[in-house]
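K.L.:
For reference, the structure I am asking about is given below.
The values are calculated or read from the model by the stated rules, or taken from the named source; none is laboratory data. Keep in mind the model is a prediction, meaning the values are calculated, not measured. All Cβ positions, glycine included, derive from the backbone under ideal geometry; neighbour counts span all protein chains shown. Side chains included, ligands, DNA and RNA excluded: accessible areas come from the protein's heavy atoms. Shrake-Rupley method; radii C 1.70, N 1.55, O 1.52, S 1.80 Å.
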Amino acid sequence: MGLRWPFRRLSAKPADDGRAESGLKRAHFKDWRLPFWLLAPQLFVLLLFFFIPSIRALIQAFQLTDPFGATTQWVGFQNFERLFRSGVYWSSVQVTVLFTIAQNVLTLSTALLLAFATNHILRGRGAYRTVLLLPYAIAPAIAGIMLAFLFNPRVGPVAHMLQGLGLDWDPNRNSSHALALIVMAASWKHICYNYIFLVAALLSVPHSILESAYLDGAGPIQRFLRISLPMIAPTLFFLIVINFVYGLFETFAIVDATTRGGPAGATSILAYKVYQDGFVTLDLGSSAAQSVVLMALALFLTFAQFRFIERRVNYSV
Amino acid sequence: MNERTPVLDVVCHLILLAGAALVCLPIYFVFVTGTLSQQEIMRVPMSWLPGDQFFVNLQTVRRSANFGRLLLNSFIVACGITIGKLSISVIAAFAVTYFRFPFRMTAFWLIFMSLMLPIEVRIVPTYESAANVALPLNILGSWLGVQTLVDLDWNLVNTYPGLILPLIASATATFLFRQFFLTVPDELCEAARIDGASPWQFFRLILLPLSRSNIVALAIILFLMGWNQYLWPLLMTTEQGMTTAVIGLKKLLPQADGLPSWHLLMNASLLTMLPPAIVILLLQRWFVKGLVDSGK
């Protein structure tokens, strides 16, 4: 046969053998060597830094390793039992739930208000949008540091204002103040993300429907609540899921740079605890068991996310 | 619609102005604090106007924290992640959408699976993998009883590949390119075939130019993501000179003992947030497109 160009074997008809393959172009090539080389770099990197670590995390969850890695012992579900019996872990779960819900509510409601306002006004839209996008550029760690400074009880201008109002503000000692601080930092950073999606979704609400509602005498707020909001519901669901993913996994930097999980574990969210137990207290078995719990959570959220992305595509929002 | 809502218009502008203030005031305070001296930041209430110590603080940050080097590292890492991820993703997406070959769907699902687990949930083993890339070979070796393979050591800690490679192992970009390729008209490929183009020529001369706007939009997001990384550079760097700017900030955080150096920290924060902020301000339109298209 020798070397043959795969192009000659290109099939131009919808699936020669009578069945269409999903995600394959109708016009495609049938070579198998070239795609192998095209996929190789991606799959190699994934193998080294995704699949092997993920599988090892699963295995480690059932092992007990001493901090220096000298001996490893198979312990079955012991790590999980220890984890679920640990009061510290459940308080971390509680903090995480509180944190993610508070962050979600604050982020989404503010973004919704701003998106409605942007959609309503005619002049200066571009300028507002540009400014409101800025937090996306700023690293979560910097957002955390920035708010930690503003709310620092000794030097922070906002903390001084709060103290002026008679509030004994101190996130270094008061656990609810510390939690409020990371909620604010996480929300500050993430409102812009929600905002972009909501503005885009509101723009795609069919004008004709809004117009007929207007002719029926519905005001702007009524139109927003009765028409636009239900029509952008898929985007809202999508954002809620994304906010949970963000709160659970991407706020590590905010916690580490502002409160370091303190005071007394008050802001030690689950993703931070995995790191603390794995790299600071070197309890590898527990850290791996926590990883597995988080993996399950991540899988669930990804599944939900794809459901809503699909819906978003279907509605072509 | 020819609707007049003067009151609501004013309210909306007020809401947006409040939102803009919420975004800008913290950044403004970072700037102000970065221009003050040690004594000035301790004064209550703090000044709302910038001081004249900006360049003095800049010099201190540059000398004491080696910040120029850290910014360069951030730049190298962010560009490495952007270029690396884009290039391995675009060819992988080309392979799964334009070729029929055995295990096509298996390959696709393998890539797809990596969308599901963020690096935060598998940090310890991922760190072990990067601390010794030969680890899988060693494990295989000890299973097979081949002693020569055991104790291979290839450490990526404190190297640029160590900072970059594990972060390009995610499939978001592949997935996005696949979605885009599925919308490209079939006639283009057929026409290319009639003209006698090879798959590689079709990719380079037709598909890649068509994807230009997707590539730019995604590049912006990936650059910001790479620049702002925290957890991974924190684990992968122990040498001060190899770390990134965002991690360098952590080292400047005021300690419990000693005089708080918020002015230096804020000065350095300003330097670190400037490049990504400029990217967003200049390329805003592309960036929004990339974000809304990719859903990431």
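K.L.:
Taking B:GLY290, is it open to solvent by 30 Å² or more (accessible area, probe 1.4 Å) and of a type in the set (Gly, Ala, Ser)?
P.N.:
So B:GLY290 does not fit the description; no.
K.L.:
On to the next question. Determine, yes or no, whether A:LEU179 is farther than 29 Å from A:ASP277 by Cα and hydrophobic (A, V, I, L, M, F, W, C).
P.N.:
no
K.L.:
Out of segment A:141-155, which residues are in contact with a Phe, Trp or Tyr (Cβ under 8 Å, 6 or more places away or on another chain) and either modelled with pLDDT of 85 or more or under 13 Å from A:HIS177 (Cα atoms) (or both)?
P.N.:
Initial filter on segment A:141-155 (in contact with a Phe, Trp or Tyr (Cβ under 8 Å, 6 or more places away or on another chain)): A:141, A:143, A:146-147, A:149-153, A:155.
Listed by number, the residues that qualify are A:ALA141, A:ALA143, A:MET146, A:LEU147, A:PHE149, A:LEU150, A:PHE151, A:ASN152, A:PRO153.
K.L.:
To continue, here is another question. In segment A:255-277, what residues are open to solvent by 10 Å² or more (accessible area, probe 1.4 Å) and of a type in the set (A, V, I, L, M)?
P.N.:
Within segment A:255-277, A:ALA264, A:ALA266, A:LEU270 qualify.
Yes/no matrix, rows are residues, columns are (1) within 30 Å of A:PHE244 (Cβ to Cβ); (2) more than 7 Å from chain A (Cβ to nearest Cβ); (3) modelled with pLDDT of 85 or more; (4) touching a Gly at 6+ places or on another chain (Cβ under 6 Å):
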position	(1), (2), (3), (4)
B:ILE119	yes, yes, no, no
B:VAL133	no, no, no, no
B:TRP143	no, yes, no, no
B:PRO166	yes, no, yes, no
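K.L.:
Give segment B:113-140 a look and list any residue that's closer than 11 Å to A:SER54 by Cα, of a type in the set (Ser, Thr, Tyr) and part of a helix (DSSP H, G or I), or say none.
P.N.:
Within segment B:113-140, B:THR126, B:SER129 meet the criteria.
K.L.:
Hey, another quick one. Name the single residue that is surrounded by the most Cβ atoms within 10 Å (Cβ to Cβ) among those in segment A:39-77 being of a type in the set (S, T, N, Q) and closer than 13 Å to A:LEU284 by Cβ.
P.N.:
Ranking the candidates gives A:GLN60 first.
K.L.:
A further question on this structure: Just to be sure I understand, how many residues within segment B:55-89 are small (Gly, Ala, Ser) and facing chain A (nearest Cβ under 9 Å)?
P.N.:
Taking segment B:55-89 first, the residues small (Gly, Ala, Ser) are B:64-65, B:68, B:74, B:78, B:80, B:84, B:87, B:89.
Filter again for facing chain A (nearest Cβ under 9 Å), leaving B:84, B:87, B:89.
Residues flagged as small (Gly, Ala, Ser) and facing chain A (nearest Cβ under 9 Å) within segment B:55-89 amount to 3.
K.L.:
Any idea how many residues of segment B:105-115 are crowded, with 20+ Cβ neighbours inside 10 Å and not small (Gly, Ala, Ser)?
P.N.:
Summing the residues that are crowded, with 20+ Cβ neighbours inside 10 Å and not small (Gly, Ala, Ser) in segment B:105-115 gives 2.
K.L.:
For B:ALA92, which of the numbered conditions (1) facing chain A (nearest Cβ under 7 Å); (2) open to solvent by 10 Å² or more (accessible area, probe 1.4 Å); (3) in a helix (DSSP H, G or I) fails to hold?
P.N.:
For B:ALA92, the exception is condition (2).
K.L.:
Output the residue which, of all residues in segment B:38-70 that are surrounded by fewer than 14 Cβ atoms within 10 Å (Cβ to Cβ) and among the basic types (Lys, Arg), is nearest to B:THR244 (Cα to Cα).
P.N.:
Ranking the qualifying residues of segment B:38-70, first place goes to B:ARG63.
K.L.:
Working only within segment B:168-186, note down all residues that are without any contact (Cβ under 8 Å) to a residue 60 or more places away in the chain, part of a helix (DSSP H, G or I) and at the interface with chain A (Cβ under 8 Å from one of its Cβ atoms).
P.N.:
Scanning segment B:168-186 gives a single hit, B:ASP186.
K.L.:
Residues to consider are A:SER204, A:SER208, A:SER212; find the one that is at pLDDT below 90 and open to solvent by 20 Å² or more (accessible area, probe 1.4 Å).
P.N.:
A:SER204
K.L.:
Follow-up question, since we're still on this one. Do you know which residues across segment A:87-121 are in contact with an Asp or Glu (Cβ under 8 Å, 6 or more places away or on another chain) and open to solvent by 10 Å² or more (accessible area, probe 1.4 Å)?
P.N.:
A:HIS120
K.L.:
Ok, one more. Given (1) outside any helix (DSSP H, G or I); (2) modelled with pLDDT of 90 or more, where does A:TRP188 come up short, assuming only one miss?
P.N.:
(1)
K.L.:
For A:LEU24, are the conditions met, namely being open to solvent by 20 Å² or more (accessible area, probe 1.4 Å), outside any helix (DSSP H, G or I) and at the interface with another protein chain (Cβ under 9 Å from one of its Cβ atoms)?
P.N.:
yes
K.L.:
Same structure again: For A:GLY278, indicate whether it is in contact with a Phe, Trp or Tyr (Cβ under 9 Å, 6 or more places away or on another chain), small (Gly, Ala, Ser) and free of Cβ contacts under 8 Å to residues at least 40 places away in the same chain.
P.N.:
Yes.
K.L.:
Go through segment B:162-187 and report how many residues are loosely packed, with under 14 Cβ neighbours inside 10 Å and of a type outside the set (S, T, N, Q).
P.N.:
Result for segment B:162-187: 4.
K.L.:
A further question on this structure: Show the residue pairs meeting these rules: Cβ distance below 7 Å; 6+ apart or different chains; first residue within segment A:109-137 and modelled with pLDDT under 90; second residue aromatic (Phe, Trp, Tyr).
P.N.:
Pairs found: none.
K.L.:
In segment B:151-164, which residue that is touching a residue at least 60 places away in the same chain (Cβ under 8 Å) and part of a helix (DSSP H, G or I) is farthest from the other protein chains (Cβ to nearest Cβ)?
P.N.:
Here the residue is B:TYR160.
K.L.:
Could you count how many residues in segment B:33-53 are within 31 Å of the chain's Cα centre (by Cα) and within 9 Å of chain A (Cβ to nearest Cβ)?
P.N.:
Total satisfying the criteria: 1.
K.L.:
Right, here's the next one. Of all the helices (runs of 4 or more DSSP H) wholly in segment B:195-296, which have at least 2 residues that are more than 11 Å from chain A (Cβ to nearest Cβ)? If you could, list the steps in order and put the result at the bottom.
P.N.:
Details: elements: B:199-202, B:212-227, B:231-236, B:245-252, B:262-282, B:284-294.
Once the helices (runs of 4 or more DSSP H) in segment B:195-296 are filtered for at least 2 residues that are more than 11 Å from chain A (Cβ to nearest Cβ), what remains is B:212-227, B:262-282.
K.L.:
If you take just the helices (runs of 4 or more DSSP H) that sit entirely in segment A:201-255, which of them hold at least 3 residues that are touching a residue at least 12 places away in the same chain (Cβ under 8 Å) and closer than 27 Å to A:SER176 by Cβ?
P.N.:
Ranges flagged: A:233-245.
K.L.:
If you don't mind, there's one more thing I want to ask. Please specify each residue of segment A:256-268 satisfying the condition of being in contact (Cβ under 8 Å) with a residue 24 or more places away in the chain and facing chain B (nearest Cβ under 10 Å).
P.N.:
Residues satisfying the conditions are A:ASP256, A:ALA257, A:THR258.
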